Amino acid sequence: MKKLAVLLFPLLLLVAPVFAASDASLNGTYAFFIEGTRSAIAEVTGIGTVHVPSEETLAVGTINFNGAGTGTFRSVMGYNQGENGPKVGSTFSYHVSGNTATMKVNGATVSMSLGSYNNSGVATVVIILMSDSDQPLAGMATLQ
């Protein structure tokens with residue numbers, strides 16, 4: 001997945017026309033998936049604490065962005081998501097600047113790279129990068 005994000009990011013920059021940056025650039029319901037690998041902490045004699053990849057994670061669902069800085073999770077399903085995953089109906093604020101949007105979900109910072117805008121200036125494709133205490137997670141969202 002990380003390779004996909006690295007390959008798609010420059011592409012999004014090429015196809016993103018120049019629109020005034022505003023929260024209205026994210027407006028509507030987007031289907032998303034986010035995947036990655038979380039690590040476990042292990043004590044290794046003579047080395048100390050090390051992080052060991054332990055499980056794949058996957059989350060899919062839909063998010064509604066209102067175009068005015070508030071988003072709502074409409075559906076969420078996850079595999080090895082743990083207790084930190086978003087809940088259906090939970091809301092969050094987001095902010096768009098240029099072709100980038102940021103939001104905080106359950107304490108994790110989520111960065112989104114917007115691209116492939118429609119005629120109304122709304123992003124139709126979004127690359128998602130999420131940082132947490134273990135490993136970064138990556139995914140995509142598409143306007144429905």
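Listed here are the residues, each with its yes/no results for (1) assigned to a strand (DSSP E or B); (2) modelled with pLDDT of 70 or more; (3) not charged (D, E, K, R).
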{"site": "LYS3", "(1), (2), (3)": "no, no, no"}
{"site": "LEU8", "(1), (2), (3)": "no, no, yes"}
{"site": "LEU11", "(1), (2), (3)": "no, no, yes"}
{"site": "THR29", "(1), (2), (3)": "yes, yes, yes"}
{"site": "ARG38", "(1), (2), (3)": "yes, no, no"}
{"site": "SER54", "(1), (2), (3)": "yes, no, yes"}
{"site": "THR57", "(1), (2), (3)": "yes, yes, yes"}
{"site": "THR62", "(1), (2), (3)": "yes, yes, yes"}
{"site": "GLY71", "(1), (2), (3)": "yes, yes, yes"}
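Residues in segment 95-110 that are on the phi < 0 side of the Ramachandran plot and in a loop (DSSP other than H, G, I, E, B): ASN99 alone.
Out of VAL18, VAL50, one residue alone is farther than 14 Å from ILE128 by Cα, modelled with pLDDT of 60 or more, surrounded by fewer than 16 Cβ atoms within 10 Å (Cβ to Cβ) and over 15 Å from the mean Cα position of the chain (by Cα). It is VAL50.
Results for (1) touching a helix residue (DSSP H, G or I) at 6+ places or on another chain (Cβ under 7 Å); (2) assigned to a strand (DSSP E or B); (3) not polar (S, T, N, Q), shown as yes or no for each residue.
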site	(1), (2), (3)
LYS87	no, no, yes
SER93	no, yes, no
MET112	no, yes, yes
GLY115	yes, yes, yes
SER120	no, no, no
THR124	no, yes, no
ILE127	yes, yes, yes
MET130	no, yes, yes
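Selection over segment 114-130 of residues that are closer than 21 Å to THR37 by Cα and open to solvent by less than 60 Å² (accessible area, probe 1.4 Å) gives a count of 4.
For the structure I just gave you, tell me whether THR100 is open to solvent by 40 Å² or more (accessible area, probe 1.4 Å) and under 17 Å from VAL60 (Cβ atoms). No, not satisfied.
The values are calculated or read from the model by the stated rules, or taken from the named source; none is laboratory data. This structure is a prediction, so every number in the text was calculated from the model and none was measured. Note that we place each Cβ from the backbone using ideal geometry, even for glycine, and neighbour counts take in every protein chain shown. Calculation scope for accessible area: heavy atoms of the full protein, side chains included, ligands and nucleic acids excluded. Shrake-Rupley method; radii C 1.70, N 1.55, O 1.52, S 1.80 Å.
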